[in-house]
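First the structure, in the form of structure tokens, and then the observations on it.
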Amino acid sequence: MGRFQQLLGFVTIGLGLLAAQAPARAQEAASAGAPEIVAFGDSLSAGYGVGPGESFPEQLQAALGKAGVAAKVVNAGVSGDTTTGGLARLDWSVPASADLVIVELGANDALRGISPDVTRRNLGDILKRLTSRAGTRVILAGMLAPPNMGEDYAARFNPIYGELAKQYGVAFYPFFLDGVASVAGLNQADYMHPNKEGVAVIVERMLPLVRETLAAPKA
């Protein structure tokens, strides 16, 4: 059993906790007048295993602040979530007031061997519904199938993200774990979830696209 499969035993911790807090946090952002960014994903973006202030949404908000962008980043991540789960909770996890939604889902689909056709359909429905909202920008963060799933599965799974980003005209970040996957010093003991240093690398690499997309004219 490869290291990628070890993630399956860890991602279910904290199911529902962070997502339940997302609408309230988004309303706080709106009332403060700051642009709302919603990180809509699974444990990778939710902050599994890291401390206060170290999750992806928190580090991204801090990085934006240092860059002079006073945005509020809302954590709408749920550990263990699949694209099916994400689609089911989309409307109550991501408020219509969001200025930018970062969609980070699919890792658990691949780990569980869910048909790529299901993943494609769910992500497509998520993007269709988000892009139909007036004023909502979207970044789709890609994922790669674990090597132990085999070449045939990867050939069907990996292209999903780029193809859907093009189809729905959303910004595309090819691999959420770019520069972090398989790097021992940037991951927790499970070798799957990024530690605080790994999250910092993700934020640093994604920040230019986030700033560019946030500054783009609203649809």
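The values are calculated or read from the model by the stated rules, or taken from the named source; none is laboratory data. If you're wondering where the values come from, they're calculated on a predicted model, not measured in any experiment. Here the Cβ positions follow ideal geometry from the backbone for every residue, glycine too, while neighbour counts run over all protein chains shown. The area values use the complete protein model at the heavy-atom level, side chains included, leaving out ligands, DNA and RNA. Shrake-Rupley method; radii C 1.70, N 1.55, O 1.52, S 1.80 Å.
Could you please let me know if residue 178 is charged (D, E, K, R), open to solvent by 50 Å² or more (accessible area, probe 1.4 Å), within 28 Å of residue 51 (Cβ to Cβ) and at pLDDT 95 or above? Yes, satisfied.
Among the residues of segment 164-175, just one is out of contact with any helix residue (DSSP H, G or I) (no Cβ under 8 Å at 6 or more places or on another chain) and open to solvent by 70 Å² or more (accessible area, probe 1.4 Å), namely 166. Within segment 181-207, residues that are open to solvent by 30 Å² or more (accessible area, probe 1.4 Å) sit with their Cβ atoms under 9 Å from residues that are basic (Lys, Arg), at 6+ positions apart or across chains, in these pairs: 182/3; 191/3.
Close contacts from segment 104-115, counting a first residue that is acidic (Asp, Glu) and a second that is buried (at least 24 other Cβ atoms within 10 Å of the Cβ) and assigned to a loop (DSSP other than H, G, I, E, B), with Cβ to Cβ under 8 Å and a gap of 6+ residues or different chains, come to 104/42; 104/143; 104/176. For segment 53-143, the helices (runs of 4 or more DSSP H) that sit wholly inside it and include 1 or more residues that are crowded, with 19+ Cβ neighbours inside 10 Å and among the hydrophobic types (A, V, I, L, M, F, W, C) are 56-66, 107-111, 116-131. Would you check if residue 214 is among the hydrophobic types (A, V, I, L, M, F, W, C) and either more than 14 Å from residue 123 (Cα to Cα) or in contact with a His (Cβ under 6 Å, 6 or more places away or on another chain) (or both)? For residue 214, the condition - among the hydrophobic types (A, V, I, L, M, F, W, C) and either more than 14 Å from residue 123 (Cα to Cα) or in contact with a His (Cβ under 6 Å, 6 or more places away or on another chain) (or both) - is met.
In the condition set (1) open to solvent by less than 10 Å² (accessible area, probe 1.4 Å); (2) farther than 23 Å from residue 215 by Cα, residue 150 is compliant with all but (1).
If you go through segment 142-165 and pick out every residue that is over 19 Å from residue 123 (Cα atoms) and in contact with a Leu (Cβ under 7 Å, 6 or more places away or on another chain), you end up with 0.
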